[in-house]
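Working notes, beginning with the structure itself.
The values are calculated or read from the model by the stated rules, or taken from the named source; none is laboratory data. The model shown is predicted, which means the values in this text are computed figures rather than measured ones. Methodologically, a virtual Cβ is constructed for each residue, glycine included, from the backbone with ideal geometry; neighbour enumeration extends over all protein chains shown. Just so you know, the surface numbers come from the protein's heavy atoms only, side chains and all, with ligands and any DNA or RNA stripped out. Shrake-Rupley method; radii C 1.70, N 1.55, O 1.52, S 1.80 Å.
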Amino acid sequence: MCRNIRVLHNFEPPATSDEVQAAALQYVRKVGGATKPSAVNQAAFDRAVAAVAAATQELLDALVTTAPPKDREVEAAKAKARAAERYGS
């Protein structure tokens with residue numbers, strides 16, 4: 001999985017459309033093998049990003065959980081601590 005794609009489910013406040021769009025863009029870039037598609041492939045790339053974003057939003061809207069929502073700052077601090085431990089920074 002692409003390391004730049006983050007978990008979007010069960011956060012308070014919920015994931016924004018910008019976060020969903022960014023995750024879709026990262027996914028399509030990874031699968032397509034290009035950060036910037038050629039001009040001839042731009043339309044296909046844009047359609048794929050829109051389709052993945054729509055599917056992602058549909059998934060997030062349908063998921064149900066009994067777990068309490070996570071806090072973005074707390075999760076970011078945990079990730080930073082894990083990275084510091086992993087990389088010795």
Inset, instruction - With the condition kept exactly as written, say whether any residue in the stretch 35-56 is over 18 Å from Ala23 (Cα atoms) and either within 18 Å of the chain's Cα centre (by Cα) or of a type in the set (Val, Ile, Thr) (or both). - result: yes
Inset, instruction - Answer yes or no: is there a residue in the stretch 32-45 that is β-branched (Val, Ile, Thr), open to solvent by 60 Å² or more (accessible area, probe 1.4 Å) and in a helix (DSSP H, G or I). - result: yes
Inset, instruction - Filter the stretch 57-75 for residues that are of a type in the set (A, V, I, L, M), under 14 Å from the mean Cα position of the chain (by Cα) and open to solvent by 60 Å² or more (accessible area, probe 1.4 Å) and give the result. - result: Leu59
Inset, instruction - Within the stretch 60-69, track down each residue that is among the aliphatic types (A, V, I, L, M) and either touching a His at 6+ places or on another chain (Cβ under 8 Å) or in contact (Cβ under 8 Å) with a residue 12 or more places away in the chain (or both). - result: Leu60, Leu63, Ala67
